[in-house]
1. Six or more apart or on different chains, Cβ under 9 Å: which pairs go from a residue in segment 182-201 that's modelled with pLDDT of 95 or more to one that's near the ligand (Cβ under 9 Å from one of its atoms) and in a strand (DSSP E or B)? Could you list them?
2. Please note which helices (runs of 4 or more DSSP H) are completely contained in segment 1-104 and include at least 3 residues that are of a type in the set (S, T, N, Q) and within 23 Å of residue 223 (Cα to Cα).
3. If a residue counts only when it is within 12 Å of the ligand (Cβ to nearest atom) and crowded, with 23+ Cβ neighbours inside 10 Å, which helices (runs of 4 or more DSSP H) contained entirely in segment 118-222 have at least 2 such residues?
4. Considering only segment 41-59, how many residues are crowded, with 16+ Cβ neighbours inside 10 Å and touching a Ser or Thr at 6+ places or on another chain (Cβ under 9 Å)?
5. Which one of the conditions (1) in contact with a Ser or Thr (Cβ under 9 Å, 6 or more places away or on another chain); (2) within 27 Å of residue 233 (Cβ to Cβ); (3) of a type outside the set (D, E, K, R); (4) within 13 Å of the ligand (Cβ to nearest atom) does residue 101 fail to meet, given that it meets all the rest?
6. Are any of the residues in segment 70-80 closer than 21 Å to residue 193 by Cβ and surrounded by 20 or more Cβ atoms within 10 Å (Cβ to Cβ)?
7. Looking at 105, 98, can you tell me which residue is surrounded by fewer than 16 Cβ atoms within 10 Å (Cβ to Cβ), touching a residue at least 40 places away in the same chain (Cβ under 8 Å) and aliphatic (A, V, I, L, M)?
8. Looking only at segment 8-52, filter to residues that are over 22 Å from residue 237 (Cβ atoms) and among the polar types (S, T, N, Q); which one of those is farthest from the chain's Cα centre (by Cα)?
Amino acid sequence: MKEVFQPNLLSSKVAFVTGGGSGINQRIAEQFAEAGAAVAIMGRDRNKAEAAASLIREAGGQAIGLSGDVRNHDQVSAALYETNKEFGRLDIVVAGAAGNFVARATGMSANGFKTVIDIDLLGTFNTAHAAYEYLAKPGGLVLAISAVQSTLPTVTQSHVCAAKAGVDMLIKTLAIEWGQTGIRCVGIAPGPVGDTEGMKRLAPDGKASWDRILGHIPSRRAASQDEIASLALFLASQGGQYINGTIIPIDGGQTAVGSYE
Ligand code: HXC
């Protein structure tokens, strides 16, 4: 977002982004790199993570791709170790990896529910917990990617709603526990974001699904990935340094609307 932010906003900073091989998290990694940060992208699919890192390098940025599943603490620790070895410090951790499928509670198994809790909630804990020893103190940031589902009960999303509500409380609690060290813990809660895997799943019928979803949003449109990444960039920048222990909605007003408009 060259028209909004000064160049080199994050120069000399190092960021670690989970789920950075696609979607919002990839765009966050790219904006961080455009702002001068060195970026480590971790994903379950090493090829996707490496492809995203390679795009950043081709654009003149610094990036590496690492494999790891956020459900596995050892794998996250190993990726953070590699990041520290490569770049020598850690300033920003984005807990972005998420899982989702569309099913009513009666249509999912206990393991299906647990899978999303493990990726979204346990994965955020593992990422923050494993990063703690490396994060700059003061100055470190743990940024969780929550969702409006953390406060808006959503049919077919019981697993995501429960997981993201947990993510919000985890972030607030870590902010209190870690505040004295100078590490900040913040969440952002996007509504619908265009061209993402999550929205493809929630809007399987294309335009008809989109019209129904956007009809509940005061701004009557989805966010762009750039808009979500720009909020992440602001929070990581000097301008965001007093924002801590909170979850910031970025949803075109979706969570301001009650059941009736
Ligand atoms: C019912 C389902 C299901 C479905 C999977 N399961 N898909 N149940 N309906 N459509 C069940 C399986 O049957 C299994 O339970 C359990 O979930 C685990 O499935 P696996 O395929 O073995 O798991 P895994 O390979 O780890 O894949 C995890 C996943 C998958 C979440 C199911 O979709 C995934 O990897 N997603 C990552 C990408 C993604 O989802 N991105 C979107 C994030 S968007 P049983 O009992 O059979 O063993 C997002 C934003 C949220 O999070 C806000 C919404 C916009």
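1. The qualifying pairs are 187/145; 188/145; 189/145; 190/145.
2. On the way: elements: 23-34, 46-58, 73-87.
So the answer is 23-34.
3. Numbers: elements: 123-131, 158-178, 197-202, 207-214.
Of the helices (runs of 4 or more DSSP H) lying wholly inside segment 118-222, those with at least 2 residues that are within 12 Å of the ligand (Cβ to nearest atom) and crowded, with 23+ Cβ neighbours inside 10 Å span 123-131, 158-178.
4. 8
5. Only one criterion is unmet by residue 101, namely (2).
6. Initial filter on segment 70-80 (closer than 21 Å to residue 193 by Cβ): 70.
Keeping just the survivors that are surrounded by 20 or more Cβ atoms within 10 Å (Cβ to Cβ) gives 70.
Yes, segment 70-80 contains a residue that is closer than 21 Å to residue 193 by Cβ and surrounded by 20 or more Cβ atoms within 10 Å (Cβ to Cβ).
7. Numbers: 98 fails: surrounded by fewer than 16 Cβ atoms within 10 Å (Cβ to Cβ).
Going through 105, 98 in turn, the sole match is 105.
8. Going through the qualifying residues, I end up with 47.
The values are calculated or read from the model by the stated rules, or taken from the named source; none is laboratory data. Everything numeric in this text was worked out from a predicted model, so none of it was measured. For neighbour counting, all protein chains shown are included, and Cβ atoms are generated from backbone atoms with ideal geometry for every residue, glycine included.
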